[in-house]
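The values are calculated or read from the model by the stated rules, or taken from the named source; none is laboratory data. Just so we're clear, the structure is a prediction, and the values are computed from it rather than from any experiment. Note that we place each Cβ from the backbone using ideal geometry, even for glycine, and neighbour counts take in every protein chain shown. Accessible surface areas use protein heavy atoms only, side chains included; no ligands, DNA or RNA. Shrake-Rupley method; radii C 1.70, N 1.55, O 1.52, S 1.80 Å.
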Amino acid sequence: MKQMTLSALEEIMHRCAGDDESTDSFQQAPERAFADLGYDSLALLETQSVIRREYGVDLSEQALGAAETPQQLVDLVNRWLSAV
Amino acid sequence: MTTAVITGIGVAAPNGAGTENFWAATLRGESGIGPIRRFDTRGYPARLGGEIDDFDPAEHLPRRLLPQTDRMTQLALTASAWALADSGVAPGTYDPGETGVAMAGAFGGFEYGQRELENLWCSGPERVSVYMSFAWFYAVNTGQLSIRHVLRGPAGVVVGDQAGGLDAVAQARRNIRKGARLMLSGGFDSSFCPYGWVARISDGTLSTDEDPRTAYLPFDLRARGQVPGEGGAVLVVEEAAAARRRGTRIYGEIAGYAATFDAAARYGGERGLGRAVEAALADAGVTAREVGVVFADGSGRPADDRAEAETIAAVFGPQGVPVTVPKTMTGRMSSGGAPVDLAGALLAMRDGLIPPTVNVRTVAPGARLDLVTGVPRPWQPGPALVLARGRGGFNSAMVLRPGTAAPNRTGAASVTGREAPTRSGGKRHEADDTVGPGGDHA
């Protein structure tokens with residue numbers, strides 16, 4: 001079954017919010033907060049819409065808000081993918 | 001009263017991105033007007049424009065800012081950094097709360113907006129960028145500049161077409177008088193996209209001439225309309241005593257300003273430009289005889305040109321003052337036009353050279369103007385008058401007085417000493433709340 005990887009999430013977020021060569025990659029810092037990696041709430045909102053489109057996972061804003069790091073968001077998406 | 005002076009300039013214009021590139025091209029009489037290449041203009045009645053070719057936003061801005069900004073915002077952000085560096089204002093000079101932004105916008109981010117509207121109608125609402133929420137908005141440049149340079153005091157935007165560019169700088173002067181120490185001010189427009197183009201064509205003012213040398217000829221016998229340009233300028237406006245204390249070069253002082261409206265046709269249609277000129281001179285305490293140059297609005301439409309020429313001749317006498325329209329090299333940049341003229345006037349004071357009006361050969365009969373054509377004209381710098389008119393009857397006039405040269409420059413980073421955030425971390429929502437239109441635009 002299809003699963004999301006850290007690098008796939010990073011690619012989506014670069015597409016949504018622009019890449020920023022000055023911050024760590026998700027592989028290097030899977031548990032750093034999105035805010036510290038330079039992503040604001042709008043970047044996450046945009047990411048939510050791409051995940052819905054490309055993975056068929058419709059995260060609620062509440063669930064999205066609870067995922068504070070790349071690893072947490074990837075885990076959340078993959079739990080969804082395993083459940084359906 | 002508190003004096004507001006200009007200590008930094010950042011220009012992005014069709015004939016030069018970067019203040020000195022723009023100025024050198026302007027003195028050489030080099031025009032940036034040509035066939036539009038940004039989008040396919042086949043089928044449109046007007047096909048010329050002033051495009052900025054040598055500008056790649058990725059070279060100037062963090063990549064995080066690119067997906068969330070229209071071209072006019074990318075130009076404004078870049079030019080604002082140039083202006084701050086030019087002013088030499090050192091980190092920590094001012095508290096963030098005593099620094100602010102007053103910008104003008106006429107279109108907003110139409111190119112961004114068109115793309116997202118296409119996404120909406122072609123692919124559905126979930127394909128619309130979340131950044132559309134602010135990227136198209138007139139006030140977005142004010143918000144983005146405020147965030148980027150950590151200017152947390154007064155923030156405002158004015159919308160008045162070409163005249164708005166002077167109104168915004170006047171707003172910055174009011175903010176300085178009310179206690180702000182430094183303001184970024186000016187205006188930018190682009191909207192070189194079908195949506196922006198159709199909006200411009202709809203008002204019937206564009207020249208349909210396809211020759212870049214004859215399409216936009218303000219005050220000329222052959223004048224037949226205007227050519228749009230993209231770009232604008234940002235000025236660093238500072239409280240004079242604070243600027244002198246830090247020993248910086250002062251380009252000039254915002255000495256006087258006034259804005260009027262034309263009367264509606266049903267009330268006789270009386271034009272208000274003359275009242276704006278008289279009131280701005282009175283505000284500056286400058287007589288018509290003392291004014292050394294007029295940067296005219298230079299509409300390029302014969303009726304507007306005639307009215308402006310009559311106003312200038314009435315105030316200064318026939319051929320009474322050198323008049324110039326460097327916009328003949330850039331096209332009319334909407335809210336960016338007048339700030340670029342202010343920059344041109346300040347640089348004219350610095351170098352003792354009035355920039356020329358290009359392509360105009362035969363001033364229309366009845367226009368009793370001493371138009372500076374062809375090549376720059378040396379002058380003894382004195383007060384300069386900049387005029388701007390906007391669609392819908394806006395008239396604004398601003399008087400600048402020469403400043404003082406004072407080197408002792410230092411490199412600049414963030415004005416307030418705080419690192420400008422390259423990421424907004426949720427602050428975007430706050431910014432949306434603080435940059436609403438308005439201010440105390442008189």
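Table: residues versus (1) touching a residue at least 60 places away in the same chain (Cβ under 8 Å); (2) small (Gly, Ala, Ser); (3) more than 24 Å from B:Ala255 (Cβ to Cβ).
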{"residue": "B:Asn119", "(1), (2), (3)": "no, no, yes"}
{"residue": "B:Val169", "(1), (2), (3)": "yes, no, no"}
{"residue": "B:Leu184", "(1), (2), (3)": "yes, no, no"}
{"residue": "B:Trp197", "(1), (2), (3)": "yes, no, yes"}
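Just to be sure, is B:Val130 touching a Leu at 6+ places or on another chain (Cβ under 7 Å) and closer than 21 Å to A:Glu46 by Cβ?
Answer is yes for this residue.
Does A:Ala17 satisfy the criteria of being open to solvent by less than 10 Å² (accessible area, probe 1.4 Å), within 12 Å of chain B (Cβ to nearest Cβ), within 10 Å of the chain's Cα centre (by Cα) and of a type outside the set (Asp, Glu)?
It is false that A:Ala17 is open to solvent by less than 10 Å² (accessible area, probe 1.4 Å), within 12 Å of chain B (Cβ to nearest Cβ), within 10 Å of the chain's Cα centre (by Cα) and of a type outside the set (Asp, Glu).
Please determine, by comparing only the residues of segment B:287-331 that are among the polar types (S, T, N, Q) and in a loop (DSSP other than H, G, I, E, B), which one is nearest to B:Ala388 (Cα to Cα).
B:Ser299
If you go through segment A:32-42 one residue at a time, do you hit one that is within 25 Å of B:Asp70 (Cα to Cα), assigned to a helix (DSSP H, G or I) and among the hydroxyl-bearing types (Ser, Thr, Tyr)?
yes
Just need a number here: residues in segment B:100-136 that are facing another protein chain (nearest Cβ under 10 Å) and open to solvent by less than 30 Å² (accessible area, probe 1.4 Å).
The number of residues fulfilling the criteria is 5.
Hand me the list of helices (runs of 4 or more DSSP H) wholly inside segment B:17-105 holding 3 or more residues that are under 16 Å from the mean Cα position of the chain (by Cα).
Result: B:19-28, B:71-87.
Going by the structure shown, is B:Gly8 open to solvent by less than 30 Å² (accessible area, probe 1.4 Å) and of a type outside the set (A, V, I, L, M)?
Considered against the rule, which asks whether it is open to solvent by less than 30 Å² (accessible area, probe 1.4 Å) and of a type outside the set (A, V, I, L, M), B:Gly8 comes out as yes.
Looking at segment B:71-99, which of the residues that are in contact (Cβ under 8 Å) with a residue 24 or more places away in the chain and within 14 Å of another protein chain (Cβ to nearest Cβ) is surrounded by the most Cβ atoms within 10 Å (Cβ to Cβ)?
Looking at the filtered set, the residue picked out is B:Thr73.
Residues that are assigned to a loop (DSSP other than H, G, I, E, B), open to solvent by less than 30 Å² (accessible area, probe 1.4 Å) and at the interface with chain B (Cβ under 9 Å from one of its Cβ atoms): does segment A:59-82 have at least one?
Within segment A:59-82, none of the residues are assigned to a loop (DSSP other than H, G, I, E, B), open to solvent by less than 30 Å² (accessible area, probe 1.4 Å) and at the interface with chain B (Cβ under 9 Å from one of its Cβ atoms).
So that you can scan it fast, the table gives a plain yes or no per residue for (1) touching a helix residue (DSSP H, G or I) at 6+ places or on another chain (Cβ under 8 Å); (2) of a type in the set (S, T, N, Q); (3) touching a residue at least 12 places away in the same chain (Cβ under 8 Å):
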position: B:Ser335; (1), (2), (3): yes, yes, yes
position: B:Leu346; (1), (2), (3): no, no, yes
position: B:Pro356; (1), (2), (3): yes, no, yes
position: B:Thr373; (1), (2), (3): no, yes, yes
position: B:Arg377; (1), (2), (3): no, no, yes
position: B:Met398; (1), (2), (3): yes, no, yes
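Does segment B:293-310 include one or more residues that are in contact with a strand residue (DSSP E or B) (Cβ under 7 Å, 6 or more places away or on another chain), surrounded by 24 or more Cβ atoms within 10 Å (Cβ to Cβ) and over 26 Å from B:Gly50 (Cα atoms)?
No - not one qualifying residue is present in segment B:293-310.
When you scan segment B:353-381, how many residues do you find that are open to solvent by less than 40 Å² (accessible area, probe 1.4 Å), under 22 Å from the mean Cα position of the chain (by Cα) and over 17 Å from B:Ser299 (Cα atoms)?
Total satisfying the criteria: 3.
Return the total of residues in segment A:20-37 being of a type in the set (D, E, K, R), within 11 Å of chain B (Cβ to nearest Cβ) and open to solvent by less than 70 Å² (accessible area, probe 1.4 Å).
Going through segment A:20-37 one residue at a time, the tally reaches 1.
Is there any pair with a first residue in segment A:39-57 that is within 7 Å of chain B (Cβ to nearest Cβ) and within 24 Å of A:Asp20 (Cα to Cα) and a second that is of a type in the set (Phe, Trp, Tyr) and outside any helix (DSSP H, G or I) whose Cβ atoms are under 7 Å apart and which are 6 or more apart or on different chains, and what are they?
Once the first residue is within 7 Å of chain B (Cβ to nearest Cβ) and within 24 Å of A:Asp20 (Cα to Cα) and sits in segment A:39-57, its partners that are of a type in the set (Phe, Trp, Tyr) and outside any helix (DSSP H, G or I) give A:Leu42/B:Tyr131.
Report the residue count in segment B:20-69 for those that are more than 14 Å from chain A (Cβ to nearest Cβ), open to solvent by less than 40 Å² (accessible area, probe 1.4 Å), in contact with a helix residue (DSSP H, G or I) (Cβ under 9 Å, 6 or more places away or on another chain) and under 18 Å from B:Ser190 (Cα atoms).
Here the count works out to 11.
In this structure, does B:Ala255 turn out to be open to solvent by less than 20 Å² (accessible area, probe 1.4 Å) and assigned to a helix (DSSP H, G or I)?
no
So, in segment B:175-192, exactly how many residues are farther than 21 Å from B:Gly390 by Cα and either assigned to a helix (DSSP H, G or I) or not small (Gly, Ala, Ser) (or both)?
Of the residues in segment B:175-192, 8 are farther than 21 Å from B:Gly390 by Cα and either assigned to a helix (DSSP H, G or I) or not small (Gly, Ala, Ser) (or both).
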